[in-house]
1. Please give the Cα centre distance for segment 265-282 versus segment 3-48, rounded to the nearest Å.
2. Rg/Rh for segment 60-133 to two decimals, with Rh computed the Kirkwood way over all alpha-carbon pairs.
3. Compare Leu280, Leu311, Leu119 in a GNM of the chain, Cα atoms joined below 10 Å, and give the one with the largest fluctuation.
4. Under 11 Å from the Cβ of Val47, count the other residues' Cβ atoms, weight Lys and Arg +1, Asp and Glu -1, and hand me the total.
5. What net charge do the residues around Tyr16 carry, taking every other residue with its C-beta under 15 Å from that of Tyr16, with Lys and Arg at +1 and Asp and Glu at -1?
6. I want to verify a result. In a Gaussian network model of the chain, Cα cutoff 10 Å, which of these has the top mean-square fluctuation: Gly254, Gly272, Gly305?
7. Roughly how many whole Å is it from the C-alpha centroid of segment 314-379 to that of segment 227-247?
8. Which of Lys374, Lys66, Lys357, Lys207 has the fewest other C-beta atoms within 10 Å, and how do the rest follow up to the most?
Amino acid sequence: GFYGQFGGAYIPEMLYPNIEELRENYESIMASGDFREEFDRLLRDYVGRPTPLYFANRLSEKYGAKIYLKREDLCHTGAHKINNTVGQIILARKLNKKRIIAETGAGQHGVATATVCALMGMECTVYMGAVDMERQKPNVERMRILGANVVPANSGSKTLKDATNEAMRQWINNPVDTHYIIGSVVGPHPYPEMVARFQSVISAEMKVQLMEKEGRENPDLVIACVGGGSNAAGAFYHYYNQADVRLIAVEAAGLGVLSGKSAATTVLGKPGILHGSRTLLMQTADGQVVEPHSISAGLDYPGIGPVHAHLFDSGRGEFVAVEDEHAMQAGIELSRLEGIIPAIESAHAFHALKQIKYRSSDVIVINLSGRGDKDLETYIKWGNY
Ligand SMILES: Cc1ncc(COP(=O)(O)O)c(/C=N/[C@H](C(=O)O)[C@@H](O)C(C)C)c1O
């Protein structure tokens, strides 16, 4: 369960049985015929896959390259998160779990979890930072409409990190009948690997779609935003060992990487343990987790998935950090060039086009991880449009 020096499972003794049960069973369950049949059927008939690989004509003209958008914003619930929650709910049912818990920041993962719990008739409790509950109110109510119990996390900065701590605490207290659906490629092994595998449907489809449209499976660049890193892990998954494909991971610079209000973990982070795995995280000299900042709740995370820590450490990935202001500008620009209002998380990936070099002949795929409906209040408050 390691990606170079990163990964592993650094968990309290109380969680060993759960993690062991998961580690021992996830691969055989995921490889079984009836899992694959149900997973593929739900992704097709319920989530609406394959998602389009859309050639963005006006964006391509403006930026001078052949730019495709992978439309994860068109998944049911409006973001890629459901690819993972569908996989984990089938797994949880096969492990005879009765209760589901989850953490959420932007609320997309929470909604995706509440959605599959309603689908399968399982009890659902989502932990969410009180601050995030304020700035992602529409998603809080969507979770409640879907039948989930949304519990505010009031410790620390009352954002995602605190919600994750709270969810882990609850799981320790209710180990036997509960499955914890982690929303990103974070947490103790096998979670990062399992979530990446569920999200890998994104690049599996990209290969087929690029062959159809460009006569080759490989783009020249894949660009994706990184909070914990699950949409990026999915978009990169089938290209890690394709050296001719550049992997561009876009983090949130917040108010600037030197402002003290940032979430650019590969710039500001150091190796440490966060939520059960060894990875890069923003920490003080004595190892306290530093509060991150991003205008987007989904990237407002002080860590990064171990697979991306390794991607950075190994030099295989190119990491860029995009500031709040630039992400918002990129979101409005996409709206006006292509008629698509992106989630603010996804908007970060678009601004990377202004921060990296590429050739006019390059085929670029940008992973459009979610739609902007949940962020309308933030766009309105920002107002520069
Ligand atoms: C539309 C959208 N795009 C990207 C992200 C970043 O999460 P990753 O793809 O796991 O890096 C997110 C993250 N959302 C999570 C959530 O909804 O709870 C996030 O806040 C945490 C699970 C990390 C998102 O909603």
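1. 23 Å
2. On the way: Rg = 15.9 Å, Rh = 13.8 Å.
Rg divided by Rh gives 1.15.
3. Answer for the Gaussian network model of the chain: Leu119.
4. Values: positive: Arg41, Arg44, Arg49, Lys81; negative: Asp40, Asp45, Glu72.
That works out to +1.
5. Details: positive: Arg23; negative: Glu13, Glu20, Glu21, Glu24.
Cβ neighbours under 15 Å give a net charge of -3.
6. Gly272
7. Here the two parts' Cα centres lie 16 Å apart.
8. On the way: Lys374 27, Lys66 19, Lys357 5, Lys207 16.
In increasing order of surrounding Cβ atoms, one gets Lys357, Lys207, Lys66, Lys374.
Values in this text are rule-based calculations from the coordinates and carry no lab data. Just so it is clear, the model here is predicted, and its values are computed rather than measured. FYI the Cβ positions are ideal-geometry reconstructions off the backbone, even for glycines, and counts take in every protein chain you see.
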